[in-house]
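Scroll down for the structure; my scribbles are underneath it.
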Amino acid sequence: MSGGPPGAGPTVLITGGSSGLGAAVVTAVARAGGRPLVLDRRPPADGVPWVECDLADTRAAEAATRQLAERSGGLDAVVTAAGIDVPGKLADVPGETWDRIVTVDLLATAAVVRAALPFLQASRGTIVTVASTLGIKAVSDATAYCAAKFGVVGFTRALAAELAGTISVTLLIPGGMRTAFFDDRDPTYQPGPDAHLNDPADTANAIMFALTQPAGCAIREMIVCADQETSYP
């Protein structure tokens, strides 16, 4: 299966593909002979086709998804790796910030998937959504992030039921990873020096496992984390 020219590897659209887990997925797709495409606010690695997009604008996210898919001759998979968080108590996080977290992490996930559906139906493709261990375990000072990631879990499980037999749907639940995700936080909310964090390349390899299953075989859910991850179980 391939949305590109005959003989080409799979064409995979990755949100948030310029950094963190998204960048690791871009690398893994390219190494496997596929064609990564990126939606992000910043450019990805040199030579990777991309469209600049603020995912907080969900209609723009839909338009950018269609633009990349049409430009590339179709899609074989979508990986919604983009995610943001600003920890803090509900009363202390500005409403605009709280709303943006939920929009980028949950509503943009649905928007990109919605726009990609016609292309994925044509290729019998795969969707991998990225939740979090905080999508199945709630903690203090993370109401927006937990609301969004719990939402991604529910959205993806419902989507898998809806698309069964046409598009494979995988829910990825990753633990903390060694990325820039934590860099701009107040030190109170940064992992300590002894924190057990996963290499994003290892999580990307798990995504590739889901993407390379034959038609009719779906990896429904995966929890991928460091073996001493404190947020799971």
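The values are calculated or read from the model by the stated rules, or taken from the named source; none is laboratory data. No experiment lies behind these values; they were computed from the predicted model shown. Glycine also receives a Cβ, built like all others from the backbone with ideal geometry; neighbour counts cover every protein chain displayed.
Looking at the stretch 62-114 only, could you name the residues that are assigned to a loop (DSSP other than H, G, I, E, B), more than 16 Å from the chain's Cα centre (by Cα) and more than 24 Å from G175 (Cα to Cα)? Let's see the steps before the verdict.
Just the residues of the stretch 62-114 that are assigned to a loop (DSSP other than H, G, I, E, B), to begin with: 72-76, 81-94.
Add one more test, that the residue is more than 16 Å from the chain's Cα centre (by Cα), and what stays is 72-74, 86-94.
If the condition is that a residue be assigned to a loop (DSSP other than H, G, I, E, B), more than 16 Å from the chain's Cα centre (by Cα) and more than 24 Å from G175 (Cα to Cα), then S72, G73, G74, A91, D92, P94 are the ones that fit.
Among the residues that make up the stretch 173-192, is at least one of them within 24 Å of G34 (Cβ to Cβ), surrounded by fewer than 20 Cβ atoms within 10 Å (Cβ to Cβ), in contact (Cβ under 8 Å) with a residue 60 or more places away in the chain and among the polar types (S, T, N, Q)?
yes
So R31 clears everything in (1) buried (at least 16 other Cβ atoms within 10 Å of the Cβ); (2) out of contact with any helix residue (DSSP H, G or I) (no Cβ under 6 Å at 6 or more places or on another chain) except one condition, right? Which one?
Checking R31 against (1) buried (at least 16 other Cβ atoms within 10 Å of the Cβ); (2) out of contact with any helix residue (DSSP H, G or I) (no Cβ under 6 Å at 6 or more places or on another chain), the one that fails is (1).
Among the residues of the stretch 122-147, count how many are in a helix (DSSP H, G or I), closer than 24 Å to D202 by Cα and either in contact (Cβ under 8 Å) with a residue 40 or more places away in the chain or in contact with an Asp or Glu (Cβ under 8 Å, 6 or more places away or on another chain) (or both). Explain how you work it out, then say what you get.
Step one: of the stretch 122-147, the residues in a helix (DSSP H, G or I) are 122-123, 133-135, 143-147.
Subset that is closer than 24 Å to D202 by Cα: 133-135, 145-146.
Restricting the remaining residues to those that are either in contact (Cβ under 8 Å) with a residue 40 or more places away in the chain or in contact with an Asp or Glu (Cβ under 8 Å, 6 or more places away or on another chain) (or both) gives 133-134, 145.
Adding up the residues that qualify gives 3.
Restricting to the stretch 186-231, name every residue that is at pLDDT below 85, over 21 Å from the mean Cα position of the chain (by Cα) and not aliphatic (A, V, I, L, M).
D186, P187, T188, Y189, Q190, P191, G192, P193, D194, H196, T230, listed by residue number.
Looking at (1) more than 27 Å from A60 (Cβ to Cβ); (2) among the small types (G, A, S); (3) modelled with pLDDT under 95; (4) touching a Gly at 6+ places or on another chain (Cβ under 9 Å), find the lone condition where G165 falls short.
Status for G165: all satisfied but (3).
crowded, with 19+ Cβ neighbours inside 10 Å and under 22 Å from L211 (Cα atoms), is that true of A122? Spell out how you get there, then give the answer.
Values: crowded, with 19+ Cβ neighbours inside 10 Å: no; under 22 Å from L211 (Cα atoms): yes.
Answer is no for this residue.
Among (1) farther than 19 Å from L120 by Cα; (2) touching a residue at least 24 places away in the same chain (Cβ under 8 Å); (3) crowded, with 18+ Cβ neighbours inside 10 Å, where does D76 come up short?
(1)
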